[in-house]
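The values are calculated or read from the model by the stated rules, or taken from the named source; none is laboratory data. The structure presented is a predicted model; accordingly, all values stated were derived computationally and were not measured. Glycine gets a Cβ as well: all are built from the backbone with ideal geometry, and neighbour counts include every protein chain shown.
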Amino acid sequence: MVRLRVDRVEAVVICVTVAIAAASFLTNVGRMTHVLSHEYAIYSKYSNADRRHAATDQLQIPGDVLDFYAERVAKGDRVYFQVDPSGLSANMTLEQAVAFAGRFYLLPAVQTSDLANANTVVSFQADPGVLGLHYSAQERAGLQLFFVSKIEGR
């Protein structure tokens, strides 16, 4: 039988460490419970569509546009996001926001930053005709410049 030998100093250090960890845990559990309860009170009233759009609404990317894209992008698609350069906020450009939202919203499709590797172009307020590609299929969301274009031969 192996017997551990712990002297008094080590025992005190261990007890103090465990006490600090327990106090920290108990303090944070109370705060986290409060935060989660508050968020539940807000988000539990949302419809399924509102829940899906909640994160992207914070990015100022319309959820209905992302729904349009999601209905037309499939698993295995390699998506190139075509977005005209534009600012959005001090922390993020419109290109970054659309790519961020699209990577999340269009899963399991994957993003490619190289148009040569893409088989699908998702255009956000941009005309896919300027890319000089031939498309086997293309759908537009109304009169706005929101397109999903399947690149011919890919």
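Summary table
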| quantity | calculated |
| --- | --- |
| Residue that is farthest from Leu145 (Cα to Cα), among those in region 79-110 that are surrounded by fewer than 17 Cβ atoms within 10 Å (Cβ to Cβ) and in contact with a helix residue (DSSP H, G or I) (Cβ under 6 Å, 6 or more places away or on another chain) | Leu88 |
| Candidates Arg72, Arg52, filtered to the one that is under 24 Å from Gly142 (Cβ atoms) and touching a residue at least 60 places away in the same chain (Cβ under 8 Å) | Arg72 |
| Region 121-137: number of residues that are crowded, with 16+ Cβ neighbours inside 10 Å and in a strand (DSSP E or B) | 5 |
| Contacts under 6 angstrom Cβ, first residue in region 91-120 being outside any helix (DSSP H, G or I), partner among the polar types (S, T, N, Q) and modelled with pLDDT of 90 or more, 6 or more apart | Ala118/Thr112 |
| Residue match in region 22-31 (condition: assigned to a loop (DSSP other than H, G, I, E, B) and at pLDDT below 85) | no |
| Tyr80 vs. criteria under 23 Å from Thr120 (Cα atoms) and in a strand (DSSP E or B) | yes |
